[in-house]
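The values are calculated or read from the model by the stated rules, or taken from the named source; none is laboratory data. What you see is a predicted model, and the numbers here were worked out from it, not measured in a lab. Every residue, glycine among them, receives a Cβ derived from its backbone with ideal geometry; neighbour counts consider all protein chains shown.
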Amino acid sequence: MFEVTLVPRVKYQMLRAQKIRNVVIFFSIVISSVMVGIVAILGTTYASQLAVSQGRSREIEVAYNEIMSQPDVEQTLTLQNQLTEIGELTDGKYEFSRVLGVIHDIIPRNNTTGEPTVTFSEISFNAAKNSIYFDAQSREGFVALEALLKTIDRLYYDYGNYYNRDGQVVQVAREEVGEDGAIYGVYIDKCAAGDQNCEDKEIKIKRYTTDEDKNESGYYYSTACSYGDEGYLTSACRLIPQESVNYSNVSYGRTSEGYLVLRFSISFSIDNGALDFQNRNVRIVGIAKQNVTDSFLQLDGTMFAARADDVKESELTEEEKQQLDREGDI
């Protein structure tokens with residue numbers, strides 16, 4: 001059986017091209033319809049967002065005008081901004097006034113007179129490194145230098161908070177030494193405003209307290225440092241890191257009064273925690289357990305003296321030569 005194609009080849013190709021064109025036109029129409037729908041949806045969304053935005057803008061404008069109509073509003077807003085920035089300003093701040101307590105407490109003193117056995121001719125403090133450098137001298141020679149180094153090595157600090165019976169932090173008005181030699185924080189328990197039949201009471205709260213030491217009223221002190229079995233602070237609250245202590249420039253000199261003195265320089269760093277503004281009620285604890293407050297300190301004028309002049313061996317008296325022989329040549 002034979003099949004005869006009656007459509008010429010040219011017409012067949014034309015019909016095929018027409019079919020492809022129709023398919024392309026169909027899909028183009030479909031895609032165009034979809035895009036028109038998407039544009040319509042986006043236009044509707046934009047219009048609604050624009051309407052909402054304009055409504056919010058009007059509400060903000062009304063609220064702003066209402067706020068600005070209040071008296072002294074600019075001063076109030078400025079104060080609020082300053083209050084919000086206080087936390088940022090105090091973070092990382094150091095209480096450099098405590099350096100005075102460190103200087104005051106490192107100086108060895110005569111057991112009888114209480115006069116310092118070491119005097120300073122120069123003191124400098126590096127705030128960036130929390131380090132102290134000073135030139136000093138002493139008529140007691142190497143004995144005073146060794147005593148000074150031992151004092152520095154045995155200095156600690158303590159800090160913490162005072163609490164009321166409800167476990168809330170309270171601010172004491174002052175600290176004082178009790179008859180038993182312990183340190184007490186004096187808290188003023190104030191009466192309610194307008195209560196004429198009430199008198200403010202002073203409550204003394206003992207530092208370094210245990211459960212047995214708590215005040216009868218329930219007030220107590222809690223330290224942030226740790227204590228050993230004998231009640232001494234541990235290395236966690238060491239005031240001056242041992243590795244930071246260095247002394248140099250050791251030599252003999254003569255003062256303007258004619259005294260032979262040992263001259264030397266010492267530098268060391270102070271632990272950041274001792275100067276941290278966030279740490280409250282900081283006290284320095286020396287080897288004699290005599291605590292120095294971190295404020296209201298004045299340095300004794302007897303701690304300072306002019307640097308002694310250089311002295312030659314030929315200028316030494318026989319007694320001074322014997323003293324040097326006992327102490328050893330430098």
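Please specify each residue of the range 176-205 satisfying the condition of being in contact with a Lys or Arg (Cβ under 8 Å, 6 or more places away or on another chain) and either of a type in the set (A, V, I, L, M, F, W, C) or within 15 Å of Thr223 (Cα to Cα) (or both). Within the range 176-205, Ala182, Ile183, Tyr184, Gly185, Val186, Ile188 qualify. Quick check, is Ser131 among the small types (Gly, Ala, Ser), closer than 21 Å to Phe96 by Cα and either loosely packed, with under 14 Cβ neighbours inside 10 Å or in contact with a helix residue (DSSP H, G or I) (Cβ under 6 Å, 6 or more places away or on another chain) (or both)? Criteria not met by Ser131.
When Thr112 is tested against the conditions (1) among the polar types (S, T, N, Q); (2) at pLDDT below 85; (3) farther than 21 Å from Glu257 by Cβ; (4) not in a helix (DSSP H, G or I), the lone failure is (3).
Of all residues in the range 238-286, those satisfying the criterion of being farther than 17 Å from Val102 by Cα and free of Cβ contacts under 8 Å to residues at least 24 places away in the same chain are Glu243, Ser248, Glu257, Gly258. Name the single residue, out of those in the range 193-224 being basic (Lys, Arg) and in a loop (DSSP other than H, G, I, E, B), that is modelled with the highest pLDDT. Ranking the candidates gives Arg207 first.
Residue count for the range 137-150 under the criterion of being assigned to a helix (DSSP H, G or I) and farther than 21 Å from Val102 by Cβ: the result is 2. Here Glu146 passes the criteria (1) surrounded by fewer than 16 Cβ atoms within 10 Å (Cβ to Cβ); (2) touching a strand residue (DSSP E or B) at 6+ places or on another chain (Cβ under 8 Å); (3) without any contact (Cβ under 8 Å) to a residue 40 or more places away in the chain; (4) within 30 Å of Glu257 (Cα to Cα) except the one numbered (2). Listed by first and then second residue, the pairs linking a residue in the range 166-195 that is among the β-branched types (Val, Ile, Thr) to a residue that is in a loop (DSSP other than H, G, I, E, B), with Cβ atoms under 6 Å apart and 6 or more places separating them unless they lie on different chains, are Val170/Asn164; Ile183/Arg207; Val186/Val172; Val186/Ala173; Ile188/Ala173; Ile188/Asp200. Selection within the range 257-292: residues that are of a type in the set (Asp, Glu) and crowded, with 16+ Cβ neighbours inside 10 Å. The member of this set that is modelled with the lowest pLDDT is Asp276. Any chance the range 151-171 includes a residue that's outside any strand (DSSP E or B), of a type in the set (Asp, Glu) and not assigned by TED's automatic domain parsing to the domain that holds Ile270? Yes, the range 151-171 contains at least one residue that is outside any strand (DSSP E or B), of a type in the set (Asp, Glu) and not assigned by TED's automatic domain parsing to the domain that holds Ile270.
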